[in-house]
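The values are calculated or read from the model by the stated rules, or taken from the named source; none is laboratory data. What you see is a predicted model, and the numbers here were worked out from it, not measured in a lab. Neighbour counts run over all protein chains shown; Cβ positions are idealised from the backbone, glycine included. When the accessible area is computed, the model is the full protein with side chains, heavy atoms only, and any ligands, DNA or RNA have been set aside. Shrake-Rupley method; radii C 1.70, N 1.55, O 1.52, S 1.80 Å.
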Amino acid sequence: FHTLVKAATAVVGGGIISDSKLKKPVIGRMLIAYKMREEGYSYKTIGKYMKRSRGSIRKLWNNMDDALSLPLIYQYEVECWNKFNESLNEKKI
């Protein structure tokens, strides 16, 4: 989890685990939630790590899923996702 936070912070900046509703920290949370779901973690477990409700995690996941299915509309989010994955691949995670 901490490695994912570091990778997301490198892409979008700080404040990811805070209560900030600014765009960049929210996108950072989307990246982490989506990646953890890909790895098989439940919404509840991800919520415990991120200190958020299961519903909040599901919404983050849904938002990232929408962004990835509509890349022309959500260009920034998709760009962040690609950088995030590149960073994880470089670290062999």
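Report the residues of region 44-62 in range of a label on N85: point 7 Å along Cα→C-beta, backbone N strictly under 20 Å from it. Output list for this probe position: 60-62.
What is the gain in length, in nm to one decimal, between K59 and Y76 on full extension, counting 0.36 nm per residue of separation less the C-alpha to C-alpha distance? It would help to have the intermediate numbers written out before the result.
On the way: separation 17, 0.36 × 17 = 6.12 nm, distance 1.82 nm.
Additional length available on full extension: 4.3 nm.
Measuring nothing but protein heavy atoms, the accessible surface of the chain at 1.4 Å probe radius is 50 percent carbon and sulfur.
Computed from backbone phi, the HN-Hα couplings of region 40-53 come to x, 6, 7, 4, 5, 5, 4, x, 5, 4, 8, 6, 9, 6 Hz, rounded to whole numbers (Karplus: 6.51 cos²θ - 1.76 cosθ + 1.60, θ = phi - 60°; Gly and Pro given as x). Mean separation of Cα pairs under 8 Å and 6 or more residues apart, divided by the residue count, gives region 20-93 a relative contact order of 25 percent. A 1.4 Å probe run over the protein chains yields, for the chain, 61 Å² of accessible area per residue, whole-number rounding. Taking a straight line from the alpha carbon of K59, these lysines sit under 26 Å away, with near neighbours fewer than eight places off in the same chain left out: K6, K21, K23, K24, K35, K44, K48, K51, K83. Under the criterion of Cα pairs below 8 Å and six or more residues apart, the relative contact order for region 1-44 equals 31 percent. Here each label is just a point 7 Å from Cα along the line to Cβ, and for I93 and S69 those points are 2.7 nm apart. Calculated mean residue ellipticity at 222 nm for the chain: -23000 deg cm²/dmol, from DSSP H runs with n ≥ 4 weighted as -39500 (n - 2.57), summed, divided by the residue count and rounded to 500.
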